[in-house]
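Participant: Input: one structure, supplied below.
The values are calculated or read from the model by the stated rules, or taken from the named source; none is laboratory data. Note that this is a predicted model, so its numbers are computed, not measured. Here Cβ is always computed from backbone atoms with ideal geometry, including for glycine, and neighbour counts include all displayed protein chains.
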Amino acid sequence: MAARVLNVNVGVLGHIDSGKTALARALSTTGSTAAFDRAPQSRARGITLDLGFSCLRTALPPQLGPGPGELQFTLVDCPGHASLIRTIIGGAQIIDLMMLVIDVTKGMQTQSAECLVIGQIACQKMVVVLNKIDLLPEGKRQSAIEKMTKKMQKTLENTKFSGCPVVAVAAKPGGPEAPESENPLGVSELIEVLKSQAYLPSRDPSGHFLMAVDHCFSIKGQGTVMTGTILSGSVSLGDSVEIPALKVTKKVKSMQMFHTPVTYAMQGDRVGVCVTQFDPKLLERGLICTPDSLHTIHAAIISLKKIQYFRGALQTKAKFHITVGHETVMGRVMFFSPAPADFNEEIQENVFDFEKDYLYQEEYLSKDLVSSEENKENDQAGEVQLPKQQWALLEFEKPVTCPKLCLVIGSKLDTDIHANTCRLAFHGVLLQGMEDRNYTETFLPKLKVYKQKHKEGQVERVMDDYSVIGRSLFKKETNIQIFVGLKVKLSTGEDGIIDGGFGQSGKFKIRIPGWCSDSYQEHHAEI
Ligand SMILES: Nc1nc2c(ncn2[C@@H]2O[C@H](COP(=O)(O)OP(=O)(O)OP(=O)(O)O)[C@@H](O)[C@H]2O)c(=O)[nH]1
Ligand SMILES: [Mg+2]
């Protein structure tokens, strides 16, 4: 029986120049065509511009079940440059475990923080790698490493990566001038730590085939090869796959995994799929899938959470860069929350209930909004509470093709990249896409989002022990029936309910359960 190869995708993320590519090269036994900054533009600019893939094979560690078998780490070397964050987000969605590479002489830098945020959103486990330890003077090296290790653990203590391993290495001692023969430091320890962190990712071959293509090239006489990572489902020789960006469907002629021919591949695998010839320049990167399994949408409803490091406000009607699946487009947002009565409702994962009423919000409700001045007294009175779940309507400037229930990240990427601030604003899950370009007529009427209006009227007189008559809240021609059941608050603190109209001049009846009219004085009712 061929030895089992378990593939674990390891992301290499970090600030620009922290040594990600040098580390990927020092760890790898095989590099793919796009690895190690081989692309001419990368060479010219001396930075990584696109995802680089390479792999390292090692013996299966005991926690991953009985042998025989091998563990394959597919290293996904991400760019570090601030302007390439869309590529970093795309890379982070295909990894099971991430290495956050830190230049030990600099510590956390702006993009280190953004990579940490992306990691918290997109993957389960992390190893911090303190690189360039050769730049620390020998005598102080150990104490400097311990100091930076403590600093990193402090940074991570309130994140899901709290307590994760921190490993000190020098991926390329002596830097660019050093000879290739110079041995890296700490790499074998790092491999042992990666093996200890490796876990059986939940691979599920069922469902639609979906693959994130990161590289595309032609082979004369064979066809066009698309290399990438399978995000869901599986693919076999002879299957038809759709390339939505080109609106074509092609047959799979052959497949390879790291230069080894295969007939089948499934979620989590990195694979090269060869189909009949098409111009590879038409598809630098993108998605391929089971025919008709993706949708192209003009708007969407998402559930979302604000990213705590984002300093700006999340204002309704504001524009954000919206990364949906693997595409980033501009979009306008409208935030809304549960109606007050549902504020405490449990979170419903991955579903949106169109039967419910929702409350329009000028701004995403967050702690910093609550602690702003005008809410201070309410907050102290413990009156202000935040709902467990909030949503947003996203309206895209151009349609996006994406899977259902995919990850969504909202960012302010036009923020000055030299400002030391997190540009990632919110993240969430796409719950409902709108494929019809006329969604405003055909779809939005189903969405019951109401603006809370505040109006004041007068209590005119008592009717009996449980009801009073109100006035100056409605015009005489208003159909008061539509307000029956709404609550009113008397200035004396009682809660009343509108019971219906009274006479023809816009007056109305308020029922006050459990009220006794002798406390009645001249008051007013606020709705
Ligand atoms: N002294 C020293 N220099 C290193 C080490 N690792 C990388 N470098 C140097 O740091 C510079 C950046 O290395 P890269 O591996 O390209 O860094 P990167 O994080 O991939 O950079 P981007 O992909 O552009 O974000 C190069 O000049 C490397 O030679 C190290 O361990 N020690
Ligand atoms: Mg690089």
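Participant: Scan the range 150-172 residue by residue and report those that are under 13 Å from Leu23 (Cα atoms) and either in contact with a Lys or Arg (Cβ under 6 Å, 6 or more places away or on another chain) or modelled with pLDDT of 95 or more (or both).
Facilitator: Filtering the range 150-172 for residues under 13 Å from Leu23 (Cα atoms) gives 167-172.
Those that are under 13 Å from Leu23 (Cα atoms) and either in contact with a Lys or Arg (Cβ under 6 Å, 6 or more places away or on another chain) or modelled with pLDDT of 95 or more (or both): Val167, Ala168, Val169, Ala170, Ala171.
Participant: For the range 430-446, name all the residues that are surrounded by 17 or more Cβ atoms within 10 Å (Cβ to Cβ) and of a type in the set (A, V, I, L, M).
Facilitator: Answer for the range 430-446, where residues must be surrounded by 17 or more Cβ atoms within 10 Å (Cβ to Cβ) and of a type in the set (A, V, I, L, M): Leu430, Leu431, Met434.
Participant: Looking only at the range 448-494, how many residues end up being among the β-branched types (Val, Ile, Thr) and in a loop (DSSP other than H, G, I, E, B)?
Facilitator: Of the residues in the range 448-494, 3 are among the β-branched types (Val, Ile, Thr) and in a loop (DSSP other than H, G, I, E, B).
Participant: Next question. Hey, can you tell me all the residues within the range 102-140 that are over 21 Å from Arg423 (Cβ atoms), more than 16 Å from ligand 2 (Cβ to nearest atom) and part of a strand (DSSP E or B)?
Facilitator: Lys125, Val127, Val128, Leu130
Participant: Which residues, taken from the range 405-424, are aliphatic (A, V, I, L, M) and within 15 Å of Phe320 (Cα to Cα)?
Facilitator: Our first condition is that a residue be aliphatic (A, V, I, L, M); within the range 405-424, this holds for 405, 407-409, 413, 417, 419, 424.
Selection gives Val408, Ile409, Leu413, Leu424.
Participant: Looking only at the range 308-322, count every residue that is assigned to a loop (DSSP other than H, G, I, E, B) and either closer than 13 Å to Ser366 by Cα or of a type outside the set (Ser, Thr, Tyr) (or both) and tell me the total.
Facilitator: Here the count works out to 9.
Participant: Just to be sure before I move on: is His298 out of contact with any Pro (no Cβ under 8 Å at 6 or more places or on another chain) and closer than 30 Å to Val248 by Cβ in the structure I sent?
Facilitator: no
Participant: Output the residue which, of all residues in the range 146-190 that are within 16 Å of ligand 1 (Cβ to nearest atom) and in a helix (DSSP H, G or I), is farthest from the chain's Cα centre (by Cα).
Facilitator: In this case the residue turns out to be Glu177.
Participant: Moving on. Looking at the range 58-94 only, could you name the residues that are part of a loop (DSSP other than H, G, I, E, B) and away from ligand 2 (no atom under 16 Å from the Cβ)?
Facilitator: Of everything in the range 58-94, those that are part of a loop (DSSP other than H, G, I, E, B) and away from ligand 2 (no atom under 16 Å from the Cβ) turn out to be Leu60, Pro61, Gly65, Pro66, Gly67, Pro68, Gln93, Ile94.
Participant: The conditions are (1) assigned to a loop (DSSP other than H, G, I, E, B); (2) modelled with pLDDT of 95 or more, and His298 fails exactly one of them. Which is it?
Facilitator: If we test His298 against (1) assigned to a loop (DSSP other than H, G, I, E, B); (2) modelled with pLDDT of 95 or more, just (1) comes out false.
Participant: Suppose the filter is in a helix (DSSP H, G or I), of a type in the set (Ser, Thr, Tyr) and within 16 Å of ligand 2 (Cβ to nearest atom); does Ser143 pass it?
Facilitator: no
Participant: Let me ask something else. In the range 14-57, what residues are assigned to a strand (DSSP E or B), more than 10 Å from ligand 2 (Cβ to nearest atom) and either modelled with pLDDT of 95 or more or within 26 Å of Leu135 (Cβ to Cβ) (or both)?
Facilitator: Gly31, Ser54, Leu56, listed by residue number.
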